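The values are calculated or read from the model by the stated rules, or taken from the named source; none is laboratory data. All values derive from a computational prediction rather than experimental measurement. When we count neighbours, we look across all protein chains shown, and the Cβ atoms used for this are built from the backbone with ideal geometry, even at glycine.
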Amino acid sequence: MLLREHRFKFFVGAEDYVFRVEELVTGTSSWPDRCRLRLPASARTEAKTFYGASCVEVAEKAAGFIASHSGRLGKNTATHLSQGPPASPHQPPRPLQLQVSEND
C-alpha cells in the first residue's frame, strides 16, 4: 500500500489544528473511499475517522465536525492561506479556514 500525505492547517476561534489526511495511491485497503483522516479523542469527543473521495473533502468534514463541537461559528470550506505573521491577541477570532500543504 502506498499512501500520500496531505496536511491542512485549520483554525477555529483562537485554536489551531493540523490535519494529516492519508490518500491511498496504490494497493488495497478496507477504506470505503480514497482518503481518510483520523481524529484522536479529545475532552469533548471520542476518536473519529473521516473518509472521502478527495483530501479536501475529508478535511472539510473534519473541520465541520470540530467547529460543531467547539461552540464557535465558522464556515467549513477549504481556503488556501498565505504565510503571514500570527494574529495579534487583540484581533477578533479568525473564521474557520484550512491551509493546504502536500508531502509526497
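Restricting the first residue to the range 3-14 and requiring it to be more than 16 Å from L39 (Cβ to Cβ) and part of a strand (DSSP E or B), which pairs with a second residue that is at pLDDT 90 or above and of a type outside the set (F, W, Y) meet a Cβ separation below 7 Å and a spacing of at least six or different chains?
L3/E22; L3/E23; L3/L24; L3/V25; R4/E23; R4/V25
So, in the range 15-70, how many residues would count as being touching a residue at least 40 places away in the same chain (Cβ under 8 Å), in contact with a strand residue (DSSP E or B) (Cβ under 7 Å, 6 or more places away or on another chain) and either β-branched (V, I, T) or exposed (fewer than 11 other Cβ atoms within 10 Å of the Cβ) (or both)?
Residues in the range 15-70 being touching a residue at least 40 places away in the same chain (Cβ under 8 Å), in contact with a strand residue (DSSP E or B) (Cβ under 7 Å, 6 or more places away or on another chain) and either β-branched (V, I, T) or exposed (fewer than 11 other Cβ atoms within 10 Å of the Cβ) (or both): 1 in total.
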